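The values are calculated or read from the model by the stated rules, or taken from the named source; none is laboratory data. Here the structure is a predicted model, which means the values were calculated and not measured. Note that each Cβ is placed from the backbone with ideal geometry, even for glycine, and that neighbours are counted across all protein chains shown.
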Amino acid sequence: MRNFVCLLMALSCWASVALAAEVQSVTVWAGKLDRSESIVVFPLAGDPLNTIYELVAQGERLQVQLLSDKMALFILPELKAGQSKTYTLHSYANAKDAVPAKNLVRSGNNLTLSSAGRKVFTYNGDLTPLPDGIAAAVQRGGYLHPVLSPSGKVLSDDYAPNHPHHHGLWAAWTKTEFEGRHPDFWNMQDKTGRVEFVSIDSTFAGALACGFAAKHRYVDLTAPGGAKTALDEIWETTVYRVGVDVKKPYLRFDVTLTQNCSTNDPLNLPKYLYGGIAFRGRRDWNGKGDACTFLTSAGKDRASGNETRARWCYIGGKVAGEDGTSSLGGVAILCAPSNFRAPQPVRIHPDMPYFTFSPQELGEFKIEPGAAYVSRYRIVTTDGAADKELFDRLWEDFAQPVKVVVK
């Protein structure tokens with residue numbers, strides 16, 4: 001939770017710290033963008049168990065969710081570019097009598113997260129069951145699958161027959177050097193490296209957002225004397241209650257990866273085609289035809305977009321329904337401008353339904369001891385064809401958060 005709160009403080013851009021008893025107003029500025037369903041985080045010292053907070057302005061009442069005893073969140077419905085708005089904070093006792101949020105359900109080390117009653121994804125911490133004929137070497141946990149569209153269509157795949165080491169939404173490095181060895185954490189079937197789930201460190205749930213922080217480790221299987229951990233990774237994910245009361249519903253969640261060296265030696269990442277955060281689409285999107293479509297922020301498709309830099313990349317295709325009809329659905333991954341080498345290059349496969357943001361395409365770099373490597377991504381799922389206008393708007397909002405001052 002500590003890392004999650006630090007991230008949200010950064011998203012708020014700037015704010016003056018104040019105790020709840022001293023808070024009189026919360027002012028937000030739209031900046032240069034028209035705002036719609038923007039996430040606003042601000043400092044607030046309160047009791048998350050026994051107090052309800054809301055913001056009031058000119059008849060508008062906005063619910064506030066406490067994320068900890070020091071930070072809070074609300075969703076700004078709309079604010080035009082260049083405008084500001086000031087809300088008054090109100091608090092009410094006896095929040096313990098309120099109905100608890102049920103948008104995060106845990107079973108063992110697996111978590112299912114929802115938004116407004118719509119399932120968004122399942123995080124699989126525990127090793128997932130191996131399909132028949134799939135080698136045990138590629139079995140893993142620590143990834144998201146299934147990832148769903150607003151109408152409940154399954155958009156991701158797992159243990160795909162042609163590439164069983166692809167797992168929904170996952171992260172791994174491919175070409176590496178560690179202590180003179182070359183573990184491959186992506187192609188686990190080669191048995192030189194693997195990514196392992198360690199623990200779920202924290203979870204939270206509320207009316208506006210839910211999420212978790214999980215720990216993974218990147219294990220070098222070629223080390224003399226036995227396996228050795230090269231990287232420790234914290235995977236933080238937050239689902240927001242947005243995209244509900246709009247003409248074209250969408251689901252939205254954030255993923256932050258924080259990687260630290262586990263020893264005093266760096267992890268070298270030579271220039272390579274792929275490696276990083278990745279998404280594997282449905283297996284019936286396989287092939288070189290129009291079963292699967294790609295679109296980048298630069299307007300490029302599968303043929304022209306590979307190894308180009310992009311603010312966001314979309315993958316989608318047709319999904320068959322129970323009634324025999326099919327309709328479109330897809331996923332866009334938005335790359336934060338603060339990420340290393342952003343806008344990062346995308347590896348778009350020519351005939352398989354997957355892509356990855358891969359900073360290694362631009363040349364070698366290192367993850368050094370004592371220096372955390374942090375990557376942030378916003379994931380949006382939709383029904384229908386790719387919506388460039390929506391993805392552009394959400395990326396701009398992601399890149400330039402609303403400014404807030406608390407007095």
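A few notes on this one:
- Looking at ALA372, ALA386, just one residue is among the small types (Gly, Ala, Ser), over 16 Å from the mean Cα position of the chain (by Cα) and more than 19 Å from PRO337 (Cα to Cα), and that residue is ALA386.
- Answer residue from region 381-407, given it is in the same structural domain as PHE279 (by TED's automatic domain parsing) and either among the basic types (Lys, Arg) or assigned to a strand (DSSP E or B) (or both) and is nearest to ARG280 (Cα to Cα) among those: THR381
- Residues located in region 181-195, provided they are crowded, with 17+ Cβ neighbours inside 10 Å, among the charged types (D, E, K, R) and assigned to a strand (DSSP E or B): ARG194
- Meets criteria (assigned to a loop (DSSP other than H, G, I, E, B) and crowded, with 22+ Cβ neighbours inside 10 Å) for TYR314: no
- Verdict on GLY276 being touching a residue at least 40 places away in the same chain (Cβ under 8 Å) and more than 17 Å from LEU328 (Cα to Cα): yes
- Residue count for region 176-191, restricted to those that are more than 22 Å from ALA135 (Cβ to Cβ) and either of a type in the set (S, T, N, Q) or under 28 Å from the mean Cα position of the chain (by Cα) (or both): 2
- Residue check: PRO129 meets all listed conditions (1) under 25 Å from GLN259 (Cβ atoms); (2) outside any strand (DSSP E or B) but one, namely (1).
- Residue within region 286-302 that is assigned to a helix (DSSP H, G or I) and either touching a strand residue (DSSP E or B) at 6+ places or on another chain (Cβ under 8 Å) or not polar (S, T, N, Q) (or both) present: yes
- Long-range neighbours under 7 Å by Cβ, at least six apart or interchain, first residue more than 15 Å from ALA171 (Cβ to Cβ) and hydroxyl-bearing (Ser, Thr, Tyr) within region 365-382, second part of a strand (DSSP E or B) and modelled with pLDDT of 95 or more: THR381/VAL147; THR381/LEU148; THR381/TYR250; THR381/LEU251; THR381/VAL331; THR382/TYR250; THR382/GLY329; THR382/GLY330
- Residue match in region 238-259 (condition: in a loop (DSSP other than H, G, I, E, B), out of contact with any Leu (no Cβ under 9 Å at 6 or more places or on another chain), farther than 27 Å from GLU78 by Cα and in the same structural domain as LEU390 (by TED's automatic domain parsing)): no
- For the condition surrounded by fewer than 20 Cβ atoms within 10 Å (Cβ to Cβ), within 23 Å of the chain's Cα centre (by Cα) and farther than 21 Å from ALA213 by Cβ, ASP290 does not qualify.
- Verdict on TYR53 being over 27 Å from ILE315 (Cβ atoms), surrounded by 15 or more Cβ atoms within 10 Å (Cβ to Cβ) and touching a residue at least 60 places away in the same chain (Cβ under 8 Å): no
- Residues (in contact with an Asp or Glu (Cβ under 9 Å, 6 or more places away or on another chain), of a type in the set (Gly, Ala, Ser) and in contact (Cβ under 8 Å) with a residue 60 or more places away in the chain) located in region 125-150: GLY142, SER149
Residues are listed down the side, and each one gets a yes or a no for (1) of a type in the set (S, T, N, Q); (2) assigned by TED's automatic domain parsing to the domain that holds GLU368; (3) over 30 Å from SER327 (Cα atoms); (4) modelled with pLDDT of 95 or more:
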residue	(1), (2), (3), (4)
HIS145	no, yes, no, yes
ASP157	no, yes, no, yes
LYS175	no, yes, yes, yes
GLU179	no, yes, yes, yes
THR192	yes, yes, yes, yes
PHE197	no, yes, yes, yes
